[in-house]
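Visitor: Attaching a single structure in structure tokens format; questions to follow.
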Amino acid sequence: MALTKMKLASIIGMLGALDDTVAVLGRTGVFQPDEAAEFFSNSEGLIPINSTNEYAPMLDRMKELLAGAGIKPKIVDAPEYDSMTIDEARSFIQDADSELGELISARDNLRAEVAVCDANIEKAKRFIGLDLDVSQVEECEFIITRFGRLPKDSYLKLQSYSENPYIEFFPCSHDDAYYWGVYVTPIDEADNIDRIFSRLYFEKLDISDINGKPAEYIEEQKKLKKQLSEDITKTDEDIKKYSASHSDKMLKVFTALCKHHAYMSIKNHTCKYRKSFILIGWIPAEYEGQIKAALDPIDSVEVTFTKADEEMKHSPPVKLKNRFFFRPFEYYTEMYGLPNAQEIDPSWFIALTYTLLFGIMFADVGQGIMLLIVAVYMYKKLKMPLGALLIPCSICSTIFGFIFGSVFGFEELLTPAHKLLFGVDHKIIDVMEGETTMMLIFGAVGIGIVLLIIAMILNIISCLKRHDTGGALFGVNGVAGLVFYTSLVVGLLCSIVLGKPIMTTPYVLLLIVLPLLLIFFREPLSKLLRGERDLFEDGIGSFIVDNFFEMFEVALSYVTNTMSFLRVGAFILVHAGMMKVVFVLAEMFGPVGYTITVILGNILVMALEALLVGIQVLRLEYYEMFSRFYIGDGRKYEPVTVSDKV
């Protein structure tokens, strides 16, 4: 439940050793390079090494060749190719291009010709009813022919032009929407007739490439397509033969190119100073010994390591480190934003609170089990991260469903089990009873109060980790805010619920008014702790006015954040109410209709509630709790690794 400890590796060596150094770092797969020049207050004399990555275009071409040959790109074990030079790689690709590339290009051209044949056949089919030589028709000297299609409605409207002897459309074929055919007009009447057909939404088609009668042309195109298909088959066989004999070497060269491409991404973060290079990057602290041992054999290269705590101004990258139960909830943490190196990783907090709240709000044994099945399928088969975190949520839903005695909406099904296990006369919690309803509402608010207090405590810890003493002591979510909120809640609880008026004048002054004053003056008090002299930048009058109105927002936030947790209890009642509606509808039908209605109703309610509950709990996490202690402005640890997904 913490962040992986990081270290800054500073590497210096002679320029001649740079390639070996980046290769060693790239092979470790744990080195994240950073801009070296930014780590020096005086960067004069430091020259960035911005080499063109000549491996990138070769890698792209190799991927095209592999795809054309039907070989899936993947990283293979090929240490003998690690020393492959750029000239050797270029020579191999040129040879592959001249053989395999030409075969692939020839096949692509043949496929393009087949596509043209298909298009020609499809176009000629529309005019197959025309028993005329198309080329001869278009060569007529005194008439103009227009081939195309006419909407069905427009074709029917042609009857209104029956008095015009020049308007004559000859249909060849039709479907539900169009008539394909030709109209003929004298040259002198062409403009007028064209305008009429244009108003009828006639779409002209160019069929000048059809030689002879459409039916004969179709047969010619089919013969040509057959010949082209045979050529494609032969070319495919040649490609398969080449792949069978060269795939192993191609993948090894591909692997070497991927490695060199990755190494270049490290090299381009390097700076040179005279005849030396400087390379700086981040590694998990546990790999310090491995990095040092790997670099020691390289002459002239020296490496030093610094704790990330000492380099906070350079924003050390963050790698989350959680145990199996909390790990799936990193998905929600990263969605909001990664913690910076001085923050608490909230994944464990999300895991516990999200699972608990989801379980309470989606409490049903049957629907919980069904959701568990769906979650396992999402995680195992679809590889969805959401599925992994829904697994504990669905288990929690099943547990609370048992507590509330609900199974697929049947609220009395578990009553015998409750009587046997708990020695009661009825269910231990009946959500539809009036007294239980109030208990659920107050319980939801109580859960909210506890979670908000925990969030404030986390904020205090986080502020101390960031060395923000003022925020920890005087902030809205610091010690002052915690004392104010807790004292107000305890005071109201004792006075209203328990009948013990503990909110005396000293209590109010010390535990409510004083914390409010500390919150009001948190900025100047924080500056005072930091040793600053200018406590009120715009004057004390402006400060008081601004903070006076801000205090209303602060007080309101305590109330609204607390009341937001009412939805936890509300969703318990919503579930029972929706399922009651389902059963009322089911009783309107016979036995078969009853069963079908109950099944469909459960599916609908389960899908709708799972979506709404998931969103509402996430909203509580982000807006009511995260806003009190979490910043989330960290940057992700992304080491350079050799991958086939370049």
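Visitor: What nm distance separates the two modelled labels at Leu529 and Phe40, each placed 7 Å from Cα along Cα→Cβ?
Guide: That separation, rounded to one decimal, is 3.8 nm.
Visitor: Just the number, please: carbon plus sulfur as a percent of the accessible area of segment 306-422, 1.4 Å probe, no ligands or DNA/RNA counted.
Guide: Carbon-and-sulfur percentage of accessible area, whole number: 68.
Visitor: Please work out the Cα center distance from segment 537-613 to segment 1-75, rounded to the nearest Å.
Guide: 50
Visitor: Work out the charge dipole of segment 218-374 with +1 on the Cβ of Lys and Arg and -1 on the Cβ of Asp and Glu about the Cα centre, then indicate which of Tyr263, Val303, Phe362 is farthest towards its positive end.
Guide: The residue sitting farthest along the positive end of the dipole is Tyr263.
Visitor: Length gain on complete extension for the stretch Glu286 to Val450, per 0.36 nm per residue less the alpha carbon to alpha carbon distance?
Guide: Length gained, Glu286 through Val450: 55.3 nm.
Visitor: Quick one: angle between helix 591-619 and the longest Cα principal axis of the chain, in degrees between 0 and 90, rounded to 10, please.
Guide: 70
Visitor: Over the chain, average the accessible area per residue using a 1.4 Å probe and give it in Å², no decimals.
Guide: Numbers: 34360 Å² over 646 residues.
I get 53 Å² per residue for the chain.
Visitor: I would also like to ask the following. At a Förster distance of 60 Å, what's the computed FRET efficiency of Lys249 paired with Leu421, Cβ-Cβ distance as r, to 0.05?
Guide: Once rounded, the FRET efficiency stands at 0.30.
Visitor: Counting only protein heavy atoms and a 1.4 Å probe, tell me what percentage of segment 437-504's accessible area is made up of carbon and sulfur.
Guide: Details: 2530 of 3160 Å².
Carbon with sulfur: 80 percent of the solvent-accessible area.
Visitor: Let me ask another. Rounded to the nearest 0.05, what FRET efficiency is calculated for Ile461 and Glu88 with R0 set to 60 Å and r the Cβ-Cβ distance?
Guide: 0.60
Visitor: For the modelled label position 7 Å from the Cα of Ala112 along Cα-to-Cβ, which residues of segment 201-228 have backbone nitrogen atoms closer than 17 Å?
Guide: 228
Visitor: Given a 1.4 Å probe and the protein chains all in place, what does the accessible area of Met250 round to, in Å² to the nearest 10?
Guide: For Met250, the solvent-accessible surface is approximately 0 Å².
Visitor: Here's a follow-up. Report the full-extension gain for the segment Glu587 to Glu435: residue separation times 0.36 nm, less the Cα-Cα distance, to one decimal in nm. Write out the running numbers ahead of the final one.
Guide: On the way: separation 152, 0.36 × 152 = 54.72 nm, distance 2.80 nm.
Using 0.36 nm per residue and subtracting the Cα-Cα distance, I get 51.9 nm.
Visitor: To continue, here is another question. Quick check on segment 156-310: what does the Kirkwood estimate of hydrodynamic radius come out to from the alpha carbon pairs, in Å?
Guide: 25.1
Visitor: Farthest toward the dipole's positive end in segment 72-141, which of Ala96, Ile121, Ile86, given Cβ charges of +1 (Lys, Arg) and -1 (Asp, Glu) about the Cα centre?
Guide: Ile121
Visitor: Of all accessible surface on segment 157-197 at a 1.4 Å probe, what whole percent is carbon and sulfur?
Guide: Carbon and sulfur together cover 46 percent of it.
Visitor: Near Lys321, which lysines are there with a Cα under 23 Å away, not counting those fewer than 8 places off in the same chain?
Guide: Lys5, Lys7, Lys307, Lys313, Lys380, Lys383, Lys465, Lys636
Visitor: Once the whole set of protein chains is in place, how much accessible area is left on Tyr331, using a 1.4 Å probe, in Å² to the nearest 10?
Guide: Near enough 90 Å² of accessible area.
Visitor: Run the simple label-point estimate for Ser643 and Ile399 please: 7 Å along Cα→C-beta, distance reported in nm.
Guide: 3.6
Visitor: With the calculation restricted to Cα positions, what are the radius of gyration and Dmax of segment 515-646 in angstrom?
Guide: Rg then Dmax for segment 515-646, in Å: 26.4, 82.
Visitor: Could you give the length gained by full extension between Ser98 and Ile615, i.e. 0.36 nm per residue of separation minus their alpha carbon distance, to one decimal place?
Guide: Roughly 180.5 nm would be gained on extension.
Visitor: Would you work out the charge dipole size for segment 334-416 about its Cα centre, treating the Cβ of every Lys and Arg as +1 and the Cβ of every Asp and Glu as -1, and quote it to the nearest 20 debye?
Guide: Dipole of segment 334-416, to the nearest 20 debye: 360 debye.
Visitor: Give the ranking of His575, His260, His246, His426 by solvent-accessible surface, highest area first, calculated with a 1.4 Å probe.
Guide: Descending accessible area places them as His426, His246, His260, His575.
Visitor: Along the charge dipole of the chain, which of Ser406, Leu421, Tyr379 sits closest to the positive end, that is, farthest toward it, with unit charges on the beta carbon of Lys, Arg, Asp and Glu (+1, +1, -1, -1)?
Guide: Of Ser406, Leu421, Tyr379, it is Leu421.
Visitor: Cα axis of helix 566-586 to longest principal axis of the chain: angle in degrees, 0 to 90, nearest 10?
Guide: 50
Visitor: For segment 359-441, how big is the tail of P(r) above 17 Å, as a whole percent of Cα pairs? Mind dumping the intermediate values first?
Guide: Details: 1761 of 3403 pairs.
Taking all Cα-Cα pairs of segment 359-441, the fraction more than 17 Å apart is 52 percent.
Visitor: Suppose only helical runs count, i.e. DSSP H with n ≥ 4. What mean residue ellipticity at 222 nm does that imply for the chain under -39500 (n - 2.57) per run, divided by all residues and rounded to the nearest 500 deg cm²/dmol?
Guide: -18000 deg cm²/dmol
Visitor: Relative to the longest principal axis of the C-alpha atoms of the chain, give the angle of the C-alpha long axis of helix 385-404, reported between 0 and 90° and rounded to the nearest 10°.
Guide: With rounding to tens, the tilt is 50 degrees.
Visitor: Okay, next question. What does the convex hull of the alpha-carbon atoms of segment 283-423 project to on average, in nm²?
Guide: 13.1
Visitor: Run the 1.4 Å probe and let me know the accessible area of Tyr155, rounded to the nearest 10 Å².
Guide: 60
Visitor: By a straight-distance test (C-alpha under 16 Å), which lysines pair with Lys74 as possible cross-link partners, with residues fewer than eight away in the same chain excluded?
Guide: Cα-Cα hits under 16 Å: Lys63, Lys249, Lys252, Lys259, Lys645.
Visitor: (i) 55; (ii) 68; (iii) 48: which one is percent of Cα pairs over 35 Å apart as calculated from this entry?
Guide: (ii)
Visitor: Let me ask something else about it. Which value, in debye to the nearest 20, gives the size of the charge dipole of the chain about its Cα centre, when Lys and Arg are +1 and Asp and Glu are -1 at the Cβ? Don't jump to the answer; show the numbers that get you there.
Guide: Values: 61 positive and 83 negative charges, 512 e Å.
I would put it at about 2460 debye.
The values are calculated or read from the model by the stated rules, or taken from the named source; none is laboratory data. All figures in this text were calculated on a predicted structure; none of them were measured in a lab. Glycine also receives a Cβ, built like all others from the backbone with ideal geometry; neighbour counts cover every protein chain displayed. The protein model used for the area step is the full one, side chains on, heavy atoms only, and it has no ligands, DNA or RNA in it. Shrake-Rupley method; radii C 1.70, N 1.55, O 1.52, S 1.80 Å.
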